[in-house]
Amino acid sequence: QVPPCESWGTMEKLAKEKEVVGIYISGHPLDDFKIEMNTFCNASIALFKDLESCVNKELNFGGVVTDVQHRITKQGKGWATFILEDYTDSSEFRIFGEEYLKFRHFLLKNSFVFVKAFVREGWINKETNKKSEPRLQFNNFQLLHDVMDSYAKKISIQLNIKDIKNEKIMALNDLLTMHPGSQILNFVVYDHEESIKLNMPSRKKKVKISQELLEELENQEVYFKLN
């Protein structure tokens, strides 16, 4: 008889699945942050295989830290390598100097992070006159858990005029009333056949944009957009 033991946490379970099978089976570590990843990221990890097209652009990307190594140079300065993984790929990054000192507390294995980085041209070797690979300037790290509060300022509810029925409006009103807050609520009523689109900002009602609210909207098959 197998002795009783504690159940694995979600991250441990998924890590074991990938270790044994090579892929995630029961889900993906980022599934709880799908909306943040789709809404606020303008780049995926797969993009880092070829950064030449991104020089002089700021990239917003997120993922789970699957490995991290904190190191010290001979001069006693700290730096780190870390592997970040999203739905598309995984990539190793290096961070040095002031950027490392500022953001090192985010570099923990299994932490979910949102990163803003500027892509700069590579250094030019004075002896060979050859340019190195583009380099990243890390401007900000943030926990993915905090991204919704930081960047979601307005939610626009999309309503097809043909689907507007009393029952649906009442259910939607009840749901929005359950999530009071300070973020702007806007309604977009549209009719594709007549090419009509009407923006209707709510004057009195504001909401708290949260994962729970967005999941309930999806359950009610209500389309929305975050700004």
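Some points to look at:
- Scaling the Cα radius of gyration of the chain by the globular reference 2.2 N^0.38 Å produces a ratio of 1.30.
- Spatial separation of Cα centroids for segment 107-133 and segment 156-194, in angstrom: 44 Å
- Interchain or long-range residues, amide H under 5 Å from Leu143's placed H: Phe114
- Percent RCO, i.e. relative contact order, over the chain, from Cα pairs under 8 Å lying at least 6 residues apart: 15 percent
- Here the Karplus curve 6.51 cos²θ - 1.76 cosθ + 1.60, taken at θ = phi - 60°, turns the phi angles of segment 173-184 into couplings of 4, 4, 5, 5, 5, 6, 10, x, x, 10, 8, 5 Hz, with x standing for Gly and Pro.
- Using the Cβ-Cβ distance between Asn140 and Lys168 with R0 set to 41 Å, the FRET efficiency from 1/(1 + (r/R0)^6) comes to roughly 0.55.
- The charge dipole of segment 152-226, taken about the Cα centre with unit charges on the Cβ atoms of Lys, Arg (+1) and Asp, Glu (-1), comes to about 580 debye, rounded to the nearest 20.
- Dipole orientation for segment 43-100: of the candidates Thr66, Asn56, Trp79, Trp79 has the Cα lying most toward the positive pole (charges on Cβ; Lys, Arg +1; Asp, Glu -1).
- Segment 71-175: chymotrypsin sites (Phe, Trp or Tyr not before Pro) in DSSP loop, at most 12 other beta carbons within 10 Å: Trp123
- Under a model in which nothing but the beta-carbon of Lys, Arg (+1) and Asp, Glu (-1) is charged, the chain shows a dipole of about 1060 debye around its Cα centre.
- Every Cα-Cα pair in segment 152-226 was counted, and those over 15 Å apart are 54% of them.
- J(HN,Hα) series, segment 208-219, from Karplus relation 6.51 cos²θ - 1.76 cosθ + 1.60, nearest Hz, glycine and proline x: 9, 6, 9, 4, 5, 4, 5, 5, 5, 4, 5, 4
- The GNM of the chain, with springs linking C-alpha atoms under 10 angstrom apart, assigns the highest mean-square fluctuation among Asn199, Asn160, Asn129 to Asn129.
- Segment 31-147 shape via C-alpha gyration tensor axes, a/c threshold 1.5: oblate
- Phi to ³J(HN,Hα) by Karplus 6.51 cos²θ - 1.76 cosθ + 1.60 over segment 37-50, Hz, x for Gly, Pro: 5, 6, 8, 10, 9, 10, 8, 10, 5, 4, 5, 6, 6, 8
- Per-residue ellipticity at 222 nm from helix content only, as computed over the chain with -39500 (n - 2.57) for each DSSP H run of at least four residues, stands at -7000 deg cm²/dmol.
Where a number appears in this text, it was derived from the coordinates with a stated rule and is not lab data. No experiment lies behind these values; they were computed from the predicted model shown. Cβ coordinates were reconstructed from backbone atoms using ideal geometry, including for glycine residues, and neighbour counts include every protein chain displayed.
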